[in-house]
Amino acid sequence: MKRRFISARTFLSFRRPSCILMVSTLGLAAEYPQLAAADNSSKPSITATARAAAVEQYNLAADKLALQGYDPVAYFTENRAVKGSAEYLGNYRGVAYRFASDANRKRFQESPEKYLPTYGGWCATAMAKGEKVEIDPTNFKVTDNRLFLFYKGLWGNARKDWEKDEANETRKADAHWKKISGE
């Protein structure tokens, strides 16, 4: 087999988990042992692949910033929306998060899944209809340790509609998000 060479710059750009997974999945580990060594699993993870695809469906700014810069931990610990600081940045699955304090950043790093917004950060009420609608990050609700975000603007407050039948809306939104994202 003909050996292919890649530059150090290319190698560093390929060290992302999704690229490592691709190398393993395509059986190129023998050709690119340095990439295979960075893969911690013996087999490619279907879950990792699905999650990488799901991130593409998240409500993110062009720079992959989530929650319009609000601190995901503060929704749970302070029960309010708190603007994060560029001084306290974190990253999870290729998504950037800002935090109001280093303590919140550390909490997030210890258990990121606990603090992620439901439905990729899209309006929960709209997701119950299978739609992706922007949110007002100050319009939220934490129920059963899940962060739900809602639209609030010229056309009303989506949280009020959600609260009329939260259990049914949650069930419908969960089903639509699964179809859209695979999560």
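The values are calculated or read from the model by the stated rules, or taken from the named source; none is laboratory data. Note that the structure is a prediction, hence the values are computed from the model and not measured. Note that each Cβ is placed from the backbone with ideal geometry, even for glycine, and that neighbours are counted across all protein chains shown. Note: areas computed on protein heavy atoms with side chains; ligands, DNA, RNA excluded. Shrake-Rupley method; radii C 1.70, N 1.55, O 1.52, S 1.80 Å.
Residue-by-condition table, conditions (1) within 21 Å of G69 (Cβ to Cβ); (2) loosely packed, with under 12 Cβ neighbours inside 10 Å; (3) not β-branched (V, I, T):
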{"position": "T138", "(1), (2), (3)": "yes, no, no"}
{"position": "K141", "(1), (2), (3)": "yes, no, yes"}
{"position": "D144", "(1), (2), (3)": "no, yes, yes"}
{"position": "L149", "(1), (2), (3)": "yes, no, yes"}
{"position": "W155", "(1), (2), (3)": "no, yes, yes"}
{"position": "R159", "(1), (2), (3)": "yes, no, yes"}
{"position": "E169", "(1), (2), (3)": "no, no, yes"}
{"position": "K179", "(1), (2), (3)": "no, yes, yes"}
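Quick check on segment 18-30. Is at least one of its residues in contact with a helix residue (DSSP H, G or I) (Cβ under 9 Å, 6 or more places away or on another chain), surrounded by fewer than 17 Cβ atoms within 10 Å (Cβ to Cβ) and either modelled with pLDDT of 50 or more or under 30 Å from E131 (Cβ atoms) (or both)?
There is at least one residue in segment 18-30 that is in contact with a helix residue (DSSP H, G or I) (Cβ under 9 Å, 6 or more places away or on another chain), surrounded by fewer than 17 Cβ atoms within 10 Å (Cβ to Cβ) and either modelled with pLDDT of 50 or more or under 30 Å from E131 (Cβ atoms) (or both).
Given the criteria surrounded by 14 or more Cβ atoms within 10 Å (Cβ to Cβ), under 18 Å from the mean Cα position of the chain (by Cα) and of a type outside the set (S, T, Y), does R107 qualify?
So R107 passes the test.
Only one residue in A86, A126, A96, A74 is open to solvent by less than 40 Å² (accessible area, probe 1.4 Å), of a type outside the set (S, T, N, Q) and over 17 Å from the mean Cα position of the chain (by Cα), so which one is that?
Within the list A86, A126, A96, A74, the selection yields A126.
I'm told P44 meets every condition in (1) in a loop (DSSP other than H, G, I, E, B); (2) at pLDDT 95 or above except one. Can you identify the failing condition by its number?
Checking P44 against (1) in a loop (DSSP other than H, G, I, E, B); (2) at pLDDT 95 or above, the one that fails is (2).
Criterion first (more than 17 Å from the chain's Cα centre (by Cα) and part of a helix (DSSP H, G or I)) does A175 satisfy it?
Taking the combined requirement at face value, the residue satisfies it.
Which of the residues that make up segment 86-142 are free of Cβ contacts under 8 Å to residues at least 12 places away in the same chain and more than 19 Å from T170 (Cβ to Cβ)?
Matches in segment 86-142: E87, N91, A103, K106, E110, S111.
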